[in-house]
Amino acid sequence: MSVTVRDVRAFKERGERFAMLTCYDALSARLLDEAGIPLLLVGDTLAMVVLGHETTLPVTVDEMLHHTRAVRRGAKDAFVVGDLPFMSYQGSIDEGIHNAGRFLKEAGANCVKLEGGGRVLELVSRLTHSGIPVMAHLGLTPQSVNQFGGYRVQGRGDEEAHQILKDAKSLEAAGAFSLVLEAVPADLAKEVTGSLEIPTIGIGAGPHTDGQVLVFHDFLGITQGKLPRFVKRYANLGDDIRAAAQTFAAEVAGGTYPGPEHTYE
């Protein structure tokens, strides 16, 4: 049975912790759906892990829609979250509503995710009243990386922590049905989670949130280079892919592939 907004809210009501993973293509969506992952986020991390950019900022609405459609085709039951990319909603309320609507209307997403606190409250309210569910996002919001001066933990000071807590409550009041907390101290995430009726989903926010999310390529061990502290590799597919490619190249060079079993007579 397909996961809905009501199901996501019910996770928290039942005290049931849940997982969300990012996803960018139909085959991966099908595998994750069959594995029972209830939420799939077509994140703007697409810009970095699929398209090769240094940040999430360059990815466009059309690129995000393209991949959201693919994930929707692959996922039968999972709840698909479409991430609104940088400058698709910051310019005006009307622009934000238009672009968010495209994710549901054209790509089959179940909701949209957007970053920020006070500045997006009116948009969250308008989207909710327009029938577009909203997943909010506080803490380290990667679209503000230039303003933050890098990817840094947020909410360590009393003033920052108070603002995140205040924004979380305001986003819930505006109609957001869930909240991502990224790169914040565990005690702050625990306080925010306990103060809200809507579920929280942590990434680098400790063990006290209602759900957890990781980036597909990070958790499978495909991403190269140093990873954030909060990432746990559940496989090492990067090594496997590299080894498989080297073996294939060697067999081709040595004339052992294709063999008789791979050849039509």
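So the values come out like this:
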quantity: At q = 0.13, 0.16 Å⁻¹, base-10 log of I(q)/I(0) for segment 1-136 (Debye sum, equal scatterers on each alpha carbon); calculated: -0.52, -0.79
quantity: Gain in span if fully extended, Ala244 to His162, counting 0.36 nm per residue against the direct Cα distance; calculated: 24.5 nm
quantity: Ratio Rg/Rh [Cα only; Rh per Kirkwood] for the chain; calculated: 1.03
quantity: Using alpha-carbon coordinates, inclination of helix 158-174 to the longest axis of the chain, degrees; calculated: 90 degrees
quantity: Of Glu115, Glu63, Glu16, the one that fluctuates the most in a GNM where the chain has Cα springs shorter than 10 Å; calculated: Glu16
quantity: The chain: relative contact order in percent, alpha carbon pairs under 8 Å with at least 6 residues between; calculated: 16 percent
quantity: Assigned charges on the beta-carbon of Lys, Arg, Asp, Glu; the chain dipole about Cα centre (debye); calculated: 380 debye
quantity: Ala19 paired with Glu197, simple spin-label distance in nm, labels 7 Å along Cα-to-beta-carbon; calculated: 3.0 nm
quantity: Selected from His129, His208, His217 as most flexible by GNM, with the chain as the system and alpha-carbon contacts under 10 Å; calculated: His129
quantity: Pairwise centroid distance, computed over Cα atoms, of segment 177-208 with segment 89-113, Å; calculated: 24 Å
quantity: Selected from Leu188, Leu51, Gly116, residue furthest toward positive end of dipole (segment 5-234; charges at beta carbon); calculated: Leu51
quantity: Residue order, fewest to most beta carbons within 10 Å, for Glu13, Glu182; calculated: Glu13, Glu182
quantity: Segment 81-191 pair-distance distribution - Cα-Cα, 5 Å bins, rounded %; calculated: 2, 13, 23, 24, 19, 12, 6, 1, 0
quantity: Lys pairs under 21 Å by Cα in the chain, provided they are eight or more residues apart or on distinct chains; calculated: 12
quantity: The chain: most fluctuating residue of Gly108, Gly255, Gly221 per GNM, C-alpha cutoff 10 Å; calculated: Gly255
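Computed from the coordinates by the stated procedures, all read-outs in this text should not be read as laboratory data. Quick caveat: nothing in here was measured; it's all calculated off a predicted structure. Note that each Cβ is placed from the backbone with ideal geometry, even for glycine, and that neighbours are counted across all protein chains shown.
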